[in-house]
Amino acid sequence: MSDPTSLPNFSPQPGEGDGAEPPAEAPLKQRVKDALVELGLEASIDTDGDVSFTFEGQQLFVRCADDESNVLRVFGQWALEDPVPTDETERLRVCNDLNVAFNLVKAAVANDTLLVTSEHILPRGADVRGLLGLSVPLVLQGVQLWHQRATGQDLAEAVEEARAADDAAQGGAADGQNGQGPGA
C-alpha cells in the first residue's frame, strides 16, 4: 500500500483557484509567428490563415486552433511524382508504416499529395519555440523516411536515427506536449 504522504499534492497553490483569472497569453497564432522569427525564420499568415514559413528549402505551415483548445499543427504537403509508386494501396501502406513507427509524426496521401504533420495540444505557458524547434525537423524527417520507404531504399539506419530523434523529442518536448515528460 502507498504512503499517502508521498503522493504529489495537486491542491491549488496560493493565487490559484481563488477566482482570479490567470494573465492572458497572446493568441497562439501570434506566439507561433514570434517563435518562428526567434528561430531565424521568416513567417507570414497565408490566405488560409495558417502561419507559413520555409525551412531547409521546404514550404511548411502551422495551423492554430482559433479557440481555447490551443491545438497546434505543423505540416507540409508534397506532390508525389516518380520514382514514388502510383499504386494507392502501396502509398497508404507506407503511410501506415510511418504512423505506426513514430508517435509525433503522421502521414497521409490524398490526390497525389503527401501530407506529413505533427499535432500538439499546448498547455498554458507552453514553450512554443521549443516545440517548433523539435516538430519542424521531425516533419521533414518523416517526409524523408516516407520517400525512402516508398522507393525501397535501405531504411535500417534511417529508421533508427528517426526513432532516436522521435524518442528525444518526446522526452524533451516543451512542457510535456501530448502527455509526455517534463519540459526541456
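Tell me the GluC sites (Glu not before Pro) within the stretch 77-159 that lie in a loop according to DSSP and have at most 11 other beta-carbon atoms within 10 Å. Intermediate values should be presented prior to the final figure.
On the way: sites: GLU81, GLU88, GLU90, GLU119, GLU157; in loops: GLU81.
Answer by residue number: GLU81.
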Checklist entry - Under the definition of Cα pairs under 8 Å and six or more residues apart, what whole-number percent is the relative contact order of the stretch 28-166? => result 22
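Read the figures in this text as sums done on the coordinates, not as results from a lab. Treat the numbers as computed from the prediction; the structure is a model and nothing was measured. All Cβ positions, glycine included, derive from the backbone under ideal geometry; neighbour counts span all protein chains shown.
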